[in-house]
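> Would you mind keeping the following structure in view while I ask a few things?
The values are calculated or read from the model by the stated rules, or taken from the named source; none is laboratory data. As the structure is a prediction and not an experimental result, all values here were calculated from the model. Here the Cβ positions follow ideal geometry from the backbone for every residue, glycine too, while neighbour counts run over all protein chains shown. To get the accessible areas, we keep the full protein, side chains included, count just its heavy atoms, and leave off ligands, DNA and RNA. Shrake-Rupley method; radii C 1.70, N 1.55, O 1.52, S 1.80 Å.
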Amino acid sequence: MRKDELEAASTLGSGISIQGRIMGEGNLTVEGSVEGDVTIQGDFVVAAGARVHGSVEAHGVVVEGDLEGPLGGVERCRVR
């Protein structure tokens, strides 16, 4: 699973900072920062330069930035 193989249904841009729980269907790419738990029924990408602090549950995870927290329900994970 490569980042360029994923079609992001939603992207949180580099200027976006979220505090709280994120839940949803489809894929999500974070380029900014998230403080809180993430539950996505698709694939989750932490882009280079992004920061996520919280638990993550997703189908697949690609980590290029900083991820601090436990992973759950993940079928595949790639750390770059």
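> Where Rh denotes the Kirkwood radius from the mean inverse Cα pair distance, what is Rg over Rh for segment 21-66? Don't skip to the answer; put the middle values down first.
Details: Rg = 9.2 Å, Rh = 10.1 Å.
With Rh from the inverse mean 1/r over Cα pairs, Rg/Rh is 0.91.
> Let me ask something else. Name the GluC sites (Glu not before Pro) in segment 8-80 that are in a loop by DSSP and that have at most 13 other C-beta atoms within 10 Å, would you? List each step's numbers first, then the result.
On the way: sites: GLU25, GLU31, GLU35, GLU57, GLU64, GLU68, GLU75; in loops: GLU25, GLU31, GLU64, GLU75.
Of the GluC sites (Glu not before Pro), the ones in loops of segment 8-80 whose Cβ has at most 13 other Cβ atoms within 10 Å are GLU25, GLU75.
> Another one. Which log10 I(q)/I(0) values does the chain give at q = 0.15, 0.22, 0.26, 0.27 Å⁻¹ under the Debye formula, counting every alpha carbon as one identical point scatterer?
Once normalised to I(0) and log-transformed, intensities are -0.40, -0.94, -1.43, -1.58.
> At 1.4 Å probe size, with every protein chain present, just tell me what the per residue accessible area of the chain comes to in Å².
55
> Something else about it: Can you give me the distance in nm between label points at ALA9 and GLU25, each placed 7 Å from the Cα along the Cα-to-Cβ direction?
With each label point 7 Å from Cα toward Cβ, the separation is 0.6 nm.
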